[in-house]
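The block underneath contains the structure these notes are about, expressed in structure tokens.
The values are calculated or read from the model by the stated rules, or taken from the named source; none is laboratory data. Please read all numbers here as calculations on a predicted model, not as lab measurements. Cβ sites come from the backbone with ideal geometry, for glycine too, and all protein chains shown count toward neighbours.
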Amino acid sequence: MWHIEPEKGPIYAQIAAEVKRMLARGELAPGVKLPSARTLAEEARVNPNTVVHAYAELERAGITETRRGLGTFVREDVDVAAVRRSELERAARAYLRTVRALGMDLEAARAALEEVGDAG
């Protein structure tokens, strides 16, 4: 579940991004308790402080909240549709960077998406 790739940027950011993706996919729901930092660190094979950093980032983004003595939870009032939209926009920006790096235009990118979407 927690596949970390050091070459893909800061590990804490990868963990925070995965929590957002899980929320967007419906694998996490508002009110759900996240694993403790120690448990997640063991699963992901990272330092617990890295998980604490990821959870702090998610809290600053308004996605999670820490309940003293209970742990970290997905906020009850989190806007899942907004998280999903944000993740989609992030993926679209990454795709467009790749398209531009290949010297292609938006129409070619759109055509490729349609072709892949129709095939899959």
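Step by step: first the residues of segment 50-80, then only those that are more than 13 Å from Ala29 (Cβ to Cβ) and hydrophobic (A, V, I, L, M, F, W, C), then the one that is surrounded by the fewest Cβ atoms within 10 Å (Cβ to Cβ). Which residue is that? Taking the candidates together, the pick is Leu70. No other residue among Ala29, Ala37, Ala17 is at pLDDT below 95, surrounded by 12 or more Cβ atoms within 10 Å (Cβ to Cβ) and hydrophobic (A, V, I, L, M, F, W, C) apart from Ala17. Taking the criterion of being part of a loop (DSSP other than H, G, I, E, B), within 13 Å of the chain's Cα centre (by Cα) and not acidic (Asp, Glu), the residues of segment 11-50 that qualify are Gly26, Leu28.
Taking segment 106-120 only, how many residues are over 18 Å from Ala94 (Cα atoms) and either touching a residue at least 60 places away in the same chain (Cβ under 8 Å) or among the small types (Gly, Ala, Ser) (or both)? Residues flagged as over 18 Å from Ala94 (Cα atoms) and either touching a residue at least 60 places away in the same chain (Cβ under 8 Å) or among the small types (Gly, Ala, Ser) (or both) within segment 106-120 amount to 2. Residues of segment 19-78 that are touching a strand residue (DSSP E or B) at 6+ places or on another chain (Cβ under 7 Å) and free of Cβ contacts under 8 Å to residues at least 12 places away in the same chain: Glu65, Thr66, Arg67.
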